[in-house]
1. By DSSP, what percent of the beta bridges with both residues in chain B are antiparallel, rounded to the nearest 5?
2. Sort C:Thr160, A:Thr10 so the one with the fewest other Cβ atoms within 10 Å of its own Cβ comes first.
3. List the residues whose amide H sits under 5 Å from the amide H of B:Ser183, counting only those 5 or more places along or on another chain, with H placed 1.01 Å from N in the peptide plane.
4. Arrange the peptides C:48-54, B:249-255 so that the one whose residues have, on average, the most other Cβ atoms within 10 Å appears first.
5. For B:Ala232, what residues show an amide H to amide H distance below 5 Å, using hydrogens built from the backbone and excluding near sequence neighbours?
6. Before rounding to the nearest 500, sum -39500 (n - 2.57) across all DSSP H runs of length at least 4 in chain A and divide by the residue total; then give [θ] at 222 nm in deg cm²/dmol.
7. For segment A:201-212, take each phi angle, set θ = phi - 60°, evaluate the Karplus expression 6.51 cos²θ - 1.76 cosθ + 1.60, and give the result in whole Hz per residue in order, putting x for glycine and proline.
8. Which aspartates and glutamates have a Cα less than 16 Å from the Cα of B:Lys256, not counting those fewer than 8 places away in the same chain?
Amino acid sequence: MADARPKRRTWEVVSERLIEFAIRVCGISAVLFVFGIFFFVFREGAPFLFGGLNLGQFLFSTEWYPTSHSNVRYGVGALIVGTFSVTALAMAIAVPFGLGAAIFVSEFCGKRTRESLKIIIELLAAIPSVVWGFIGISVMNPLIQDVFHAPVGLNVLNGAILLALMSVPIMVSIGEDALKAVPDTYREAALALGATRWQTVYRVLLPAAKSGLLAAVLLGVGRAVGETMAVLMATGHAVNIPKSLFDPVRTLTATIAAELGEASVGSDHYRVLFIIGILLFTITFIVNLSADLVVRGIRRRN
Amino acid sequence: MRTKLISTLLIGIASIGIAFVSCKKKEEAPAPGSAAPPPPPAAAKKETVQNIGSDTMVNLAQAWAEEYAKIDPNVSVEVSGGGSGVGIAALINGTADVANASRKLEPEEVEKAKAAHGGKEPQEFMVGYDGLAIYVHKANPLEEITMEDLGEIYREGGKTEKWAQVGVKSIPGAKDGNIIRVSRQNNSGTYHYFRETVVGKKSDFKSGSMDMNGSKEVVELVAKTPGAIGYAGLGYATGEVKILKVSKKKGEPAIKPANATVLDKTYPISRPMFMYTPGEPSPGVKKYLEWIMTDAGQKIVEQSGYVPLAKK
Amino acid sequence: MFGETPHTRRRKLTERVAQVVFGLMALALVVPLLTILFHLVKEALPLLSWEFLTTNPAGGMRRGGIWSALLGTIYLVVVSLAISAPIGVLAAVYLNEYAKESWLTRIINLAVVNLAGVPSIVHALFGLGAFVLFAHIGRSILAASLTLAIMTLPVIIASTKEALSAVPLSFREACWNVGATRWQTIRRIVLPNSVSGILTGVILQVSRTAGETAPIMFTGAVFFKKIGEGNPFAYGLLDQCMALSMHLYTVTTQVTEAPRALPYAIAVVLLGTVLLVNALSIGVRVYLRSRKKW
């Protein structure tokens, strides 16, 4: 039998080819952009990175004096500690509450409470970071001074509380996914053995969902490290190694945001800020990579 | 069916978008002489002036821009803050027509600006003065301070860390005796000026001060923090903070910052405010700058809490 | 035989305690959120009105409204989504419909995840380096929107992929059986059936774009700019603009003697818009899901 397929109009064929080409291009766009970001940030920072920056001093010195007239020093040590301390405290607050809420939503509450809780958590996630910063300045600042009798209200604690409230939604949603991913057979088996819900959670579900919960925490960390506006407004912005929760600090992100406008394009200060950007990009890359590997690990298992 | 609808909608929106963008662009280009009815002379060409820079001056620049819009609606002044450093950087980059600075241009900056604009030197216009006030919490019993003490508090290596060292035994509400230093970020002209005058040009600030983004934040923070001390323009004073009198040396009389003491230089920490243009300003910008230096413009300086130029 | 023993009593007690503790933890998130929202709205009330939304800031931002900032935010959202939505959807189509599982897809997935995790200030650096300087677009709505588009791209790709994979394989197989090409299948069957998921993803990004400050600070947002009131076409693509998020930041940190309610009012408008859009996306999702044919 001769070819019985209807002939397609050339226009149709051509347009289809064009669209498929566009689709392919868009497909690799994400890769292009990630490389693009790294490339452009690196490009602006590289000349100084390889042309004069004392890397040891950069990473470990706590003296940050980019605009000094007498003794220019680019030490981000205190900034790294600032980012680290705020993130660590934020995680210390967010992990128990986030995982606790995830366990509650997944195992302990009724359908209607679950729906309303989920809506509230989505609301929490939608609040923009500049609004959180504003809340930090206007609400948390006096609150911390009153409740804790702290000398200053813009400090590590303030920033950490804000970051915790910002990262909790991610942790709850991914944590809940991780717990839901544990097959019901586990729960049924525990029930058959006479376990209460708490015992099921503690002895069966948590160990089983361990990697998913870890991924949730890692993603929360990634979010916290990368946060800019809220910490810019609420941590007191002091180049300082904090000796207590109530000391003001400055983070890497806030430093870039505060100083980028002034540095004239091409100057050493400008390039150092981009180098800090490279540092941030690397940190979040590693954190998100590990989180993704962990998440993929659980998905494959199911 | 639905995707056809959506795609036609998108194409429609896209073409409308392109249409009005190109229309906008045409509007901004000056009408060539022969085109449609010639616009009345002295006229319809709208000029936008990018005014970027000092935070100290930003509210003042804003007030000027608004007032001037009433006088010459064809000139639209767009104001941005960010700090004197930001303004100067923008001047060098070419993104600012007028840069506000609460300090003089450094020689390197002049060189960079010349290089970026084909050898033209940036023009300097002095538009007023600003007294830099030292603020403390209202409940702080301290009334005056010397320049040396200020230096020891703020300078890297300075020995003064506690209020007791400047004679303040206790501040009601302060939780410990530490002096909480409030400062500005290093893109601020105020920061640079303070470093030059109080800390010492060859030295740097002590690490650990709370470096605020704007003068307003400095005053607000000091108002809420009993153990704090901070510096910011006189124009940012509110009823919630106390201003200290400053003496040049121990034993000399301490002067309160005010218009008179700033103009006759008895108050030691005051500085002129500048506006810079890259080379000779365009006629529209020149008229604006000249207006600023007239009585009308200077009245706004005074209303905003700054010190107007001495009347000639 | 099944009577209560001290052993079971203790287990019941720990069960109760656990329930209460976890419930409290969940509550600990809800209560601060609601109190903060309530406080914000209460403080903002004196200033909220229709005039507030449609007049320009005046008197050094101390009086007047937020029209220029509101319009600027709308422009940024529309332009950036107009760029990222088509690219994101097509990218997800590629990943889900065309690509075979290979090293390339794994790299792309990795790239998407990493793009999602890039800090907003690094996006700002990128926008500055690539669009403002390298491409010579200068600080403008266009540069800022491009930066925002790249920020929202990964989430649109991820949610579109989920929506596409929810369409059963049998639908596609039916098309192939009658001789449709891949693109025809996608265009006529797969895409229309995943519209709800795609729309949800896109709408959610509206709130994210409206709220971001760092990426626009150096690529196109300004402290103050006077535009025509009530004119929805007042900005051009190459103009700089004001934006709600930036406005909140500048009013909080730089504008003195502002009425106490002003930053609260801006925050409430911003939050209100964001929450409204989120609610809209939930509504769209529910409506379209109810019309699903399977």
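1. Beta bridges within chain B, antiparallel portion: roughly 55 percent.
2. Result, fewest neighbours first: A:Thr10, C:Thr160.
3. Residues meeting the criterion, in which the H sits 1.01 Å from N, are B:Met210, B:Asp211, B:Met212.
4. Working: C:48-54: 13.6, B:249-255: 11.9.
Order by mean packing, descending: C:48-54, B:249-255.
5. It is B:Ala133, B:Tyr135, by chain and number.
6. Calculated mean residue ellipticity at 222 nm is -22500 deg cm²/dmol.
7. Result, ordered by residue: 4, 5, 9, 10, 6, 4, x, 5, 8, 3, 5, x Hz.
8. Within reach: B:Asp130, B:Glu143, B:Glu144, B:Asp264.
FYI, it's all coordinate maths here, none of it is from the lab. Worth saying up front: this structure is predicted, and the values here are computed from it rather than measured. All Cβ positions, even for glycine, are placed from backbone atoms using ideal geometry, and neighbour counts span all protein chains on display.
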